[in-house]
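Asks: Mind looking over this structure? Questions follow.
Values in this text are rule-based calculations from the coordinates and carry no lab data. On a predicted model such as this, the values are computed, not experimentally measured, just so you know. For neighbour counting, all protein chains shown are included, and Cβ atoms are generated from backbone atoms with ideal geometry for every residue, glycine included.
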Amino acid sequence: MKEILSIFIAIFLAEFGDKTQLATIAFASKYGWFKAFVGAATALVLVNLIGALVGEKLREFVPASVLHKIAGVFFIIFGILMIIKE
């Protein structure tokens with residue numbers, strides 16, 4: 001349970017105020033909160049299911065420490081790209 005709570009907090013904080021939440025706000029203003037919530041929640045569940053399944057499969061071939069480093073590099077790259085775009 002401790003791991004699930006840690007994951008929840010990390011994802012919640014990472015997603016709060018991001019583009020997905022802003023898109024959900026826009027959809028809610030057009031379609032209502034319930035449709036926006038169900039659509040966004042379903043999409044996020046599916047995207048995260050894919051991520052979890054891929055991550056578990058990668059674990060068979062790549063050590064977790066290497067996966068963490070690769071993820072860190074991608075975060076840095078995406079951060080730099082976001083800065084450059086502005």
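Asks: For the range 52-68, which residues satisfy the criterion of being over 17 Å from the mean Cα position of the chain (by Cα) and within 18 Å of I7 (Cα to Cα)?
Replies: R59, A64, S65
Asks: Just one of L67, L49, L53 is over 26 Å from A28 (Cα atoms), out of contact with any helix residue (DSSP H, G or I) (no Cβ under 8 Å at 6 or more places or on another chain) and of a type in the set (A, V, I, L, M); which is it? Working first, answer last.
Replies: Values: L67 fails: out of contact with any helix residue (DSSP H, G or I) (no Cβ under 8 Å at 6 or more places or on another chain); L49 fails: over 26 Å from A28 (Cα atoms).
Being over 26 Å from A28 (Cα atoms), out of contact with any helix residue (DSSP H, G or I) (no Cβ under 8 Å at 6 or more places or on another chain) and of a type in the set (A, V, I, L, M) holds for just one of L67, L49, L53, which is L53.
Asks: Tell me the residue from K30, K85, K19 that is within 12 Å of the chain's Cα centre (by Cα) and exposed (fewer than 10 other Cβ atoms within 10 Å of the Cβ), please. Break it down stepwise before answering.
Replies: Values: K30 fails: within 12 Å of the chain's Cα centre (by Cα); K85 fails: within 12 Å of the chain's Cα centre (by Cα).
Exactly one of K30, K85, K19 is within 12 Å of the chain's Cα centre (by Cα) and exposed (fewer than 10 other Cβ atoms within 10 Å of the Cβ), namely K19.
Asks: Taking the range 39-66 as the region of interest, how many residues are loosely packed, with under 11 Cβ neighbours inside 10 Å and either part of a helix (DSSP H, G or I) or touching a His at 6+ places or on another chain (Cβ under 7 Å) (or both)?
Replies: Step one: of the range 39-66, the residues loosely packed, with under 11 Cβ neighbours inside 10 Å are 42, 45-46, 49-51, 53-54, 56-57, 60-61, 63-65.
Subset that is either part of a helix (DSSP H, G or I) or touching a His at 6+ places or on another chain (Cβ under 7 Å) (or both): 42, 45-46, 49-51, 53-54, 56-57, 64-65.
Summing the residues that are loosely packed, with under 11 Cβ neighbours inside 10 Å and either part of a helix (DSSP H, G or I) or touching a His at 6+ places or on another chain (Cβ under 7 Å) (or both) in the range 39-66 gives 12.
Asks: Report every pair of residues separated by at least 6 positions or lying on different chains whose Cβ atoms are under 8 Å apart, first residue within the range 15-28 and touching a residue at least 24 places away in the same chain (Cβ under 8 Å) and under 20 Å from G79 (Cα atoms), second of a type in the set (G, A, S) and assigned to a helix (DSSP H, G or I).
Replies: Final answer for the pair search is T20/A40.
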